[in-house]
2 protein chains.
Amino acid sequence: VILVNGERTTQIHVADRGLAYGDGVFETLAVQQGEPAYWDRHMQRLASGCERLGLPVPDAAALRADATRIFGIEDRLVLKILVTRGAGGRGYTPPQEVECNQILMTSPWPEVYDEYARTGIEVGVCKTRMGRNPALAGLKHLNRLEQVLASRELASEGLVEGLMLDEHGNVIEGTRTNLFAVKNGVFQTPQLRYCGVAGVMRAVILDELQAAGIPWVESDLALDEVLGADEIFMCNSIAGIWPVTRISGEKPRALAIGPETRALQDRLTGGMVK
Amino acid sequence: VILVNGERTTQIHVADRGLAYGDGVFETLAVQQGEPAYWDRHMQRLASGCERLGLPVPDAAALRADATRIFGIEDRLVLKILVTRGAGGRGYTPPQEVECNQILMTSPWPEVYDEYARTGIEVGVCKTRMGRNPALAGLKHLNRLEQVLASRELASEGLVEGLMLDEHGNVIEGTRTNLFAVKNGVFQTPQLRYCGVAGVMRAVILDELQAAGIPWVESDLALDEVLGADEIFMCNSIAGIWPVTRISGEKPRALAIGPETRALQDRLTGGMVK
């Protein structure tokens with residue numbers, strides 16, 4: 001089901017700046033029993049993304065009302081929300097009065113993700129690097145060609161996910177997940193000042209660690225540091241936590257799913273991941 | 001007038017990957033008396049962009065036939081061609097069988113551009129930097145948020161164009177133009193290995209210089225080198241050549257429109273720019 005500005009349609013004008021320039025932001029949410037998980041956090045990130053791009057901040061209550069119209073209480077599904085700068089302006093220059101387009105789309109729950117959470121995944125090391133740009137770092141914007149190119153690499157190797165590095169060789173994230181490495185009981189996750197998406201699940205995990213008094217650090221993380229970690233996992237709002245059981249590439253490494261990763265999964269899901 | 005895959009419509013499916021991820025490329029052409037300028041060069045760049053992104057290369061003859069359906073012999077207008085990866089795939093991963101969407105759009109000729117070519121323009125220095133990514137450098141792809149953010153800066157200052165730098169402080173290009181600086185009779189233009197769009201007019205100019213035996217060099221170009229040039233101009237397929245008569249910013253500088261710039265304009269337009 002698709003809603004554009006609250007109306008049921010599958011179409012949008014080709015002059016939309018989302019299509020022309022990737023001029024907009026999006027959110028992807030897990031919906032269970034009619035309840036979008038971490039709704040407030042997703043709305044906060046959406047608002048913050050809009051502010052950074054100079055877009056009017058959408059009315060979260062109106063978005064929520066629209067969202068609940070397109071799924072029933074029984075559903076388990078994925079909800080995607082796109083906000084674009086609409087049409088108009090002269091070339092790259094936005095119009096003075098912006099009328100955003102809001103698109104809501106649902107898609108089936110990817111059942112295989114639950115298996116990945118239980119049994120772990122193999123990740124590759126993507127050749128496609130991420131450009132560094134503080135003006136766009138952290139944002140879940142619509143300029144995602146780097147992720148598309150990296151995902152093409154992974155698909156050709158039959159891999160579910162891969163590590164993406166910046167041009168300095170720091171590991172930043174997966175193509176659609178953030179990364180955590182655990183070393184000597186300390187959780188490490190890449191800092192995202194120069195590139196990467198500041199994932200909602202990443203923020204949930206950092207808060208969870210903080211609340212539990214578990215040490216964590218946000219920092220630069222070289223590939224060798226990741227390869228030398230005791231435990232590694234990837235995360236996002238739909239995946240939850242995917243333990244990494246193998247890193248392929250030039251220096252392949254196998255890992256067991258560690259106790260810290262399992263404990264965190266249990267805390268976040270109430271023991272539902274087994 | 002808009003054609004999507006040869007049919008008159010203004011709409012496209014919201015699941016198009018061009019909208020979701022900026023997964024596609026585009027071209028912008030000047031059309032005069034029914035003739036798209038530098039058609040073959042634009043088609044070559046379109047093909048090369050598609051190849052680098054793993055998109056099927058469009059049939060240039062079919063595109064030309066579609067294009068001629070949407071403008072008459074009397075027109076002077078701008079033609080924009082977008083090619084997206086269409087819909088489908090799992091998230092960022094493209095579908096195995098790609099069905100591209102081809103969008104052709106015309107828009108009125110920007111008359112003011114002719115004045116800019118005659119009297120020159122003032123350019124600013126954009127705060128928004130360009131990320132470096134060899135995988136995307138040179139491509140005229142649909143991920144253009146950097147240009148949108150830079151254009152917002154310029155609009156707020158009432159400027160027509162501005163210089164964009166990479167994170168190392170090299171001048172790369174304008175927001176929608178390439179840059180040339182002339183120093184002691186040598187034409188310099190930034191190398192585009194790490195970022196920037198390899199413009200068709202830029203290529204036309206380099207070929208023209210080569211043919212005329214005028215020395216030119218493609219290299220890194222620091223802002224101070226640009227500020228110290230004898231002549232500066234910006235170029236693209238619609239603008240032709242815009243002499244720069246003033247650079248604003250921390251070190252403002254006024255320039256005269258130089259003889260090399262005027263001579264090049266004359267060669268490219270048959271003396272039409274006065």
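The values are calculated or read from the model by the stated rules, or taken from the named source; none is laboratory data. All values derive from a computational prediction rather than experimental measurement. Cβ sites come from the backbone with ideal geometry, for glycine too, and all protein chains shown count toward neighbours. The protein model used for the area step is the full one, side chains on, heavy atoms only, and it has no ligands, DNA or RNA in it. Shrake-Rupley method; radii C 1.70, N 1.55, O 1.52, S 1.80 Å.
Note down the relative contact order for segment B:1-143 as a percent, whole number, built from C-alpha pairs under 8 angstrom at least six residues apart. The normalised contact order for segment B:1-143 reaches 34 percent. Going by a ≥ b ≥ c, the root eigenvalues of the Cα gyration tensor, does segment B:168-268 fall in the rounded group (a/c under 1.5), the prolate group (a/b larger than b/c) or the oblate group? The shape class here is rounded.
For the pair A and B, the buried accessible area comes to roughly 4300 Å² in total, with a 1.4 Å probe and the value rounded to the nearest 100.
Using a simple spin-label model with pseudo-atoms 7 Å out from Cα toward Cβ, residue B:8 and residue A:253 lie 6.2 nm apart.
Shown for the protein assembly as shown: the carbon plus sulfur share of the solvent-accessible area, taken with all protein chains present and a 1.4 angstrom probe, equals 50%. What the Cα atoms of the protein assembly as shown give is an Rg and a Dmax of 24.6, 77 Å. If the Kirkwood radius is taken over C-alpha pairs of segment B:82-204, then at 25 °C and 0.890 mPa s the Stokes-Einstein diffusion coefficient equals 147 µm²/s.
Contact order, relative form, for chain A: 18 percent (alpha carbon pairs under 8 Å, 6 or more residues apart, mean separation divided by residue count). For segment B:48-129, the set of trypsin sites (Lys or Arg not before Pro) satisfying both a DSSP loop assignment and a count of at most 15 other C-beta atoms within 10 Å is given as B:127. Most simply put, chain B has about 80% antiparallel DSSP beta bridges, counting only bridges with both residues inside it. Rounded to the nearest 5, the antiparallel percentage of DSSP beta bridges internal to the protein assembly as shown is 80%. Mind listing the label-point distances from residue B:56 to the same position on all other copies, shortest first, one decimal in nm, points 7 Å along Cα→Cβ? For residue B:56, the inter-copy label distances come out at 4.0 nm.
Tell me the net charge near residue B:104. Cut-off is 9 Å between Cβ atoms, residue B:104 excluded, with +1 for each Lys or Arg and -1 for each Asp or Glu. List each step's numbers first, then the result.
On the way: positive: B:69, B:80; negative: B:66.
Net charge in that neighbourhood comes out at +1.
Could you tell me what a quarter of the Cα convex hull surface of segment B:226-274 works out to, in nm² with one decimal place? Don't skip to the end; give the middle numbers.
Numbers: hull surface 14.6 nm².
It is 3.7 nm².
The residues of chain A expose on average 40 square angstrom of accessible surface per residue, using a 1.4 Å probe on protein heavy atoms.
Residue A:111 exposes around 120 Å² of accessible area when a 1.4 Å probe is run over every protein chain in place.
Rounded to the nearest 0.05, the FRET efficiency derived from the C-beta distance between residue A:263 and residue A:35 at R0 = 22 Å is 0.35.
For residue A:254, place a label point 7 Å from Cα along the Cα-to-Cβ direction in every copy; what are the distances to the other copies, in nm, shortest first? Those label-point separations list as 7.5 nm. Here is the list for segment B:1-74: GluC sites (Glu not before Pro) lying in DSSP coil, each with at most 11 other C-beta atoms within 10 angstrom of its C-beta, are B:74. Accessible-area loss of 50 Å² or more (1.4 Å probe, protein heavy atoms, chain alone versus all protein chains) is found in segment B:136-172 for B:143, B:145, B:148, B:149, B:152, B:167. Every helix of 4 or more DSSP H residues in chain A counts as -39500 (n - 2.57), and over all residues that averages to -8500 deg cm²/dmol at 222 nm.
Across A:263, A:117, A:137, mean-square fluctuation computed from a Gaussian network of chain A (C-alpha pairs under 10 Å connected) peaks at A:263. Net charge dipole, the protein assembly as shown: roughly 120 debye, given to the nearest 20, about the Cα centre with Cβ charges of +1 for Lys and Arg and -1 for Asp and Glu. Dipole orientation for segment B:1-104: of the candidates B:30, B:50, B:20, B:20 has the Cα lying most toward the positive pole (charges on Cβ; Lys, Arg +1; Asp, Glu -1). Modelled label positions at residue B:47 and residue A:157, each set 7 Å beyond Cα in the direction of Cβ, lie 3.2 nm from each other. All other residues whose Cβ lies under 10 angstrom from that of residue A:189 are scored, Lys and Arg at +1 and Asp and Glu at -1, for a net of -1.
Normalised by residue count, segment B:1-159 yields a Cα convex hull volume of 142 Å³ per residue. Applying D = kT/(6 pi eta Rh) to chain A, where Rh is the Kirkwood radius over alpha-carbon pairs, T corresponds to 37 °C and eta to 0.692 mPa s, the Stokes-Einstein value obtained is 168 µm²/s.
In this calculation the C-beta distance from residue A:74 to residue A:96 is compared with R0 = 51 Å, giving a FRET efficiency of 0.70. Taken over segment B:139-201, the alpha-carbon convex hull comes to 113 cubic angstrom per residue. How tilted is helix A:39-53 with respect to the longest principal axis of chain A? Cα atoms for both, answer in degrees (0 to 90, nearest 10). Helix A:39-53 and the main axis of chain A meet at about 70 degrees. Per-residue accessible area (protein heavy atoms, 1.4 Å probe) orders A:216, B:39, A:242 as A:216, B:39, A:242, starting from the largest. Suppose R0 equals 60 Å; then what is the FRET efficiency for residue B:230 and residue B:1 from their Cβ-Cβ distance, rounded to the nearest 0.05? My answer for the efficiency is 0.85. Relative to the dominant Cα principal axis of chain B, helix B:60-69 is inclined by about 90°.
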